[in-house]
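Inspection log for the structure reproduced underneath, given as C-alpha cells.
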Amino acid sequence: MPKDNLNQDNIEISRRKMMGLVVGVINLGLIGAIVGPMVGFAAAPLGNKRKSRWVELMDESRIKPGEVKEVNYSLLVVDGYHEVEQKFTVFLRRSEEDVICIDPACTHLGCRVDYHADQHKFICPCHGGVFDDEGTNKSGPPPKPLERHPVKIEAGKIWISREV
Ligand code: FES
C-alpha cells in the first residue's frame, strides 16, 4: 500500500474518532441539560425539612381536670411548592397534674379515632381499635398508643408543638 494512502486512512480514522468524541460530549451535555433540572425539580420537596412549630390552642380555663376536649385548628403548611392552609384536630386531656395532647390518627392504618366520653375511650371506626382516655392501645389491631404532641402552658394559654 502506498504511504500516502496509509496516511490518508490514519487521518480518516482520527477524524472519525474526533467526530465520535464530539458527538458523545454533545449528547452528554444534552442529557445533563434535560435530566438535571428534572431531578432537581423532583427532589426539591425532599429538601423541605419539616419544622416544629408551637401553636396556641385555647385558654387553659376552658378544660377541666378529667375532661377530654376535641380541638380544631388550622395552620399554613408547606405542601411541595405551595403554602396551603391545612386543618388539624387533636384531643386535649387534662388531669390534676397536666395536659396531654393526643393525635387522632389511629396507629393501625391512620383512620381518625372518635372520643366516647361515656366510656372514657377513643374508638377507631375502621377496625374497632380501642384506646383509653390517655391514648394507650387497649384492644383491636392498633399496635401502639396514639401519638402525643408536646404541650406547654404559658400565661394561661395551652400551646402544642407539632411538625409541619
Ligand atoms: S385503622 Fe384503626 S383499627 Fe384499623
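None of the figures in this text is laboratory data; all of them are computed from the coordinates on show. Note that the coordinates shown come from a computational prediction; the quantities given were computed from them, not determined experimentally. Neighbour counts run over all protein chains shown; Cβ positions are idealised from the backbone, glycine included.
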Answer residue from the stretch 99-108, given it is within 13 Å of the ligand (Cβ to nearest atom) and touching a Lys or Arg at 6+ places or on another chain (Cβ under 6 Å) and is nearest to residue 64 (Cα to Cα) among those: 104
Residues of the stretch 143-156 that turn out to be hydrophobic (A, V, I, L, M, F, W, C) and within 14 Å of the ligand (Cβ to nearest atom), as a count: 1
Every residue from the stretch 109-160 that is over 22 Å from residue 64 (Cβ atoms) and either touching a residue at least 60 places away in the same chain (Cβ under 8 Å) or among the β-branched types (Val, Ile, Thr) (or both): 123, 130
Every residue from the stretch 71-125 that is closer than 19 Å to residue 58 by Cβ, aromatic (Phe, Trp, Tyr) and under 16 Å from the mean Cα position of the chain (by Cα): 88
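Can you find even one residue in the stretch 106-126 that is basic (Lys, Arg) and over 25 Å from residue 52 (Cβ atoms)?
Taking the stretch 106-126 as the starting set, the residues that turn out to be basic (Lys, Arg) are 112, 121.
Checking the rest, the ones that are also over 25 Å from residue 52 (Cβ atoms) come to 121.
Scanning the stretch 106-126, I find at least one residue that is basic (Lys, Arg) and over 25 Å from residue 52 (Cβ atoms), so the answer is yes.
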Number of positions in the stretch 109-142 that are within 12 Å of the ligand (Cβ to nearest atom) and either surrounded by 15 or more Cβ atoms within 10 Å (Cβ to Cβ) or of a type outside the set (Gly, Ala, Ser) (or both): 19
